[in-house]
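Trainee: Supplied in structure tokens, the structure appears directly below.
The values are calculated or read from the model by the stated rules, or taken from the named source; none is laboratory data. Since the structure is predicted, the reported quantities are computational estimates derived from the model, not experimental observations. Methodologically, a virtual Cβ is constructed for each residue, glycine included, from the backbone with ideal geometry; neighbour enumeration extends over all protein chains shown.
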Amino acid sequence: MVDDVVPDVYYGVAWANDGATVFFTRPDDAMRPWQVWRHELRTPTSDDVLVFQEDDDRFYVAVGRTRSGQFVEITTASKVTSEVWLIDADEPASPAVVVEPREQGHEYHVEHHGGPGGDRLFVLTNADGAENFALMVTEVATPGRASWSMVLPHRDDTRLDDVDAFARFLVVSERADAVERLRVLMLADDGASRTTTCSRCPSRCTRPGWAAIPTTTPRRCATSTRRSCHPRRRTTTTPPLAPRH
């Protein structure tokens with residue numbers, strides 16, 4: 001049992017992979033979450049380190065972990081603008097790295113995917129007039145917008161709400177024709193993009209976006225994968241298991 005008490009905190013924490021370092025947010029006098037701090041278990045709170053501070057009172061700060069567990073993610077966002085910073089969860093004392101510096105009116109969200117093909121960030125973005133958002137991808141080593149490549153283009157009749165990366169596929173939450181649905185895109189290791197054939201259709205599927213991600217595995221018919229979904233953001237509240245000695 002650890003009896004650490006950290007006062008004056010806001011909702012949401014994120015644990016580093018050492019199981020001993022926790023990131024948390026702290027509110028200002030107006031109860032706006034504006035700072036992210038780092039605390040190590042069994043150390044006095046006077047040793048806590050300020051990691052990030054948002055001085056623009058239009059922006060609210062949140063902290064969480066990517067699904068992969070590889071990064072602690074700091075998001076600062078206003079009603080129409082967002083900015084994401086990443087910290088290596090294996091190196092919690094390392095500096096935060098910005099994905100793309102904020103630009104008025106630009107909203108984006110990132111999802112990390114690590115695999116044999118390398119570390120990648122999938123980015124949902126409304127840049128360049130993509131009012132309904134587009135899905136991009138880039139290497140973790142070059143996260144900025146100049147390096148983004150198209151995965152799913154903007155569509156006037158379909159809004160992209162969220163993306164979740166798993167070992168061999170992506171799940172994209174989208175809305176079209178007043179229906180919420182999930183789109184499953186397979187991932188391959190070689191980085192090559194090619195059109196695939198639906199395993200349940202007699203002919204090649206032509207729905208937009210299905211061949212945007214490289215695939216080596218037949219996928220289900222687009223009409224059979226619709227189901228209700230609710231976009232969400234993840235915050236890890238339970239620390240990972242500490243390594244055994």
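Trainee: In the stretch 13-27, which residues are aliphatic (A, V, I, L, M), under 18 Å from the mean Cα position of the chain (by Cα) and either assigned to a loop (DSSP other than H, G, I, E, B) or surrounded by fewer than 20 Cβ atoms within 10 Å (Cβ to Cβ) (or both)?
Mentor: The answer is A16, and nothing else.
Trainee: If you go through the stretch 56-115 one residue at a time, how many are more than 21 Å from R32 (Cβ to Cβ) and β-branched (V, I, T)?
Mentor: Counting residues in the stretch 56-115 that are more than 21 Å from R32 (Cβ to Cβ) and β-branched (V, I, T) gives 5.
Trainee: State yes or no: is R58 more than 20 Å from the chain's Cα centre (by Cα), more than 21 Å from D4 (Cβ to Cβ), of a type in the set (K, R) and not in a strand (DSSP E or B)?
Mentor: So R58 passes the test.
Trainee: Same structure again: Select, from V5, V36, V72, the only residue that is of a type in the set (A, V, I, L, M) and exposed (fewer than 13 other Cβ atoms within 10 Å of the Cβ).
Mentor: Every option except V5 fails the conditions.
Trainee: Is it the case that the stretch 164-184 has a residue that's assigned by TED's automatic domain parsing to the domain that holds V123, part of a strand (DSSP E or B) and of a type in the set (F, W, Y)?
Mentor: Taking every residue of the stretch 164-184 in turn, at least one turns out to be assigned by TED's automatic domain parsing to the domain that holds V123, part of a strand (DSSP E or B) and of a type in the set (F, W, Y).
Trainee: Identify the single condition in (1) touching an Asp or Glu at 6+ places or on another chain (Cβ under 6 Å); (2) in the same structural domain as D156 (by TED's automatic domain parsing); (3) among the β-branched types (V, I, T) that V61 does not satisfy, given that it satisfies every other one.
Mentor: (2)
Trainee: Pull out all pairs, ordered by first then second residue, where Cβ-Cβ is under 9 Å, the residues are six or more apart or on different chains, the first lies in the stretch 70-92 and is at positive phi and of a type in the set (V, I, T), and the second is modelled with pLDDT under 95 and surrounded by 19 or more Cβ atoms within 10 Å (Cβ to Cβ).
Mentor: No pair meets every condition.
Trainee: How many residues are out of contact with any helix residue (DSSP H, G or I) (no Cβ under 8 Å at 6 or more places or on another chain), hydroxyl-bearing (S, T, Y) and outside any loop (DSSP other than H, G, I, E, B) if we restrict to the stretch 73-124?
Mentor: So the answer is 3.
Trainee: Further, regarding this structure: For the stretch 124-149: of the residues being more than 27 Å from G69 (Cβ to Cβ) and either among the hydrophobic types (A, V, I, L, M, F, W, C) or surrounded by 14 or more Cβ atoms within 10 Å (Cβ to Cβ) (or both), which is nearest to the chain's Cα centre (by Cα)?
Mentor: The residue in question is N126.
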